[in-house]
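J.: One structure follows; several queries about it will come next.
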Amino acid sequence: MLYNLIFFLILFVIAWIIFSLINRAKINTNKKYQMAEVKYLISRFTIDKKKIDYKKLIRLINIANAFIISFVCTIISVLPLKFLWQMLIGFVLLFVLMFLCYELLGIYAVKKGWKKNGKRLSKNREKVAK
């Protein structure tokens, strides 16, 4: 059990360092570079691009991605199954954790106040308003 926890922590730190090095240029540039994860969060949660703190969001995405990879690798290494079953379980677990972590990041972004403030009127209300 302790071996698995140490394995998880080592993988987490290595993955976090790698993601931080890869995305360092995206944090330090003045150009608002959008990663696929950021685009997903913007479209899924209707986040305002002007309100986003990109440095903080990219750092949170790095932590989430490192957690996803290290958790899936740890779970796969613990399972005493054949290689094919480990890969299938890991594939499913990867997508479940990606969905869960990005949903939590989106909820965090909305609670931080990065959501768009515009009100959308339905078609019926637009006719009544005129």
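J.: For Met98 and Arg24, compute 0.36 nm times the residue count separating them, minus their Cα-Cα distance, and round to one decimal in nm.
T.: Between Met98 and Arg24, full extension yields an extra 24.5 nm.
J.: Residue-wise, which Karplus ³J(HN,Hα) couplings in Hz belong to the range 77-88, taking 6.51 cos²θ - 1.76 cosθ + 1.60, θ = phi - 60°, and x for glycine or proline?
T.: 5, 7, 5, x, 10, 5, 4, 4, 5, 4, 5, 5
J.: Given R₀ = 41 Å, FRET efficiency for Val78-Lys112 by Cβ-Cβ distance, to 0.05? Numbers along the way, then the final one.
T.: Working: r = 35 Å, r/R0 = 0.86.
Efficiency, from the Cβ-Cβ distance: 0.70.
J.: Name the residues whose placed amide hydrogens come within less than 5 Å of the amide hydrogen of Lys115, ignoring near sequence neighbours (fewer than 5 apart) on the same chain.
T.: Correct list: Asp48.
J.: Using the Karplus curve 6.51 cos²θ - 1.76 cosθ + 1.60 with θ = phi - 60°, work out ³J(HN,Hα) for each residue of the range 49-66 in order, rounded to whole Hz, and write x for Gly and Pro.
T.: Ordered by residue, 3J(HN,Hα) equals 5, 6, 8, 6, 8, 4, 4, 5, 5, 5, 5, 5, 5, 4, 5, 5, 5, 5 Hz.
J.: Still on this structure, please answer the following. Rounded to whole Hz and in sequence order, give me ³J(HN,Hα) for the range 5-15 from the Karplus expression 6.51 cos²θ - 1.76 cosθ + 1.60, θ = phi - 60°, writing x for Gly and Pro.
T.: Karplus-based 3J(HN,Hα) across the range 5-15 equals 5, 5, 4, 4, 5, 5, 4, 4, 5, 5, 5 Hz.
J.: If you don't mind, another one. Starting from 0.36 nm per residue, how many nanometres of slack lie between Leu5 and Arg59 once their C-alpha separation is accounted for?
T.: Here the segment from Leu5 to Arg59 would lengthen by 17.1 nm.
J.: Can you sort Met98, Met1 by 1.4 Å-probe accessible area, starting with the largest?
T.: Sorted descending by solvent-accessible area, the residues read Met1, Met98.
The values are calculated or read from the model by the stated rules, or taken from the named source; none is laboratory data. None of the values given here were measured: they were computed from a predicted structure. Heads up, the Cβs are rebuilt from the backbone with ideal geometry, glycines too, and the neighbour counts pull from every protein chain shown. The area values use the complete protein model at the heavy-atom level, side chains included, leaving out ligands, DNA and RNA. Shrake-Rupley method; radii C 1.70, N 1.55, O 1.52, S 1.80 Å.
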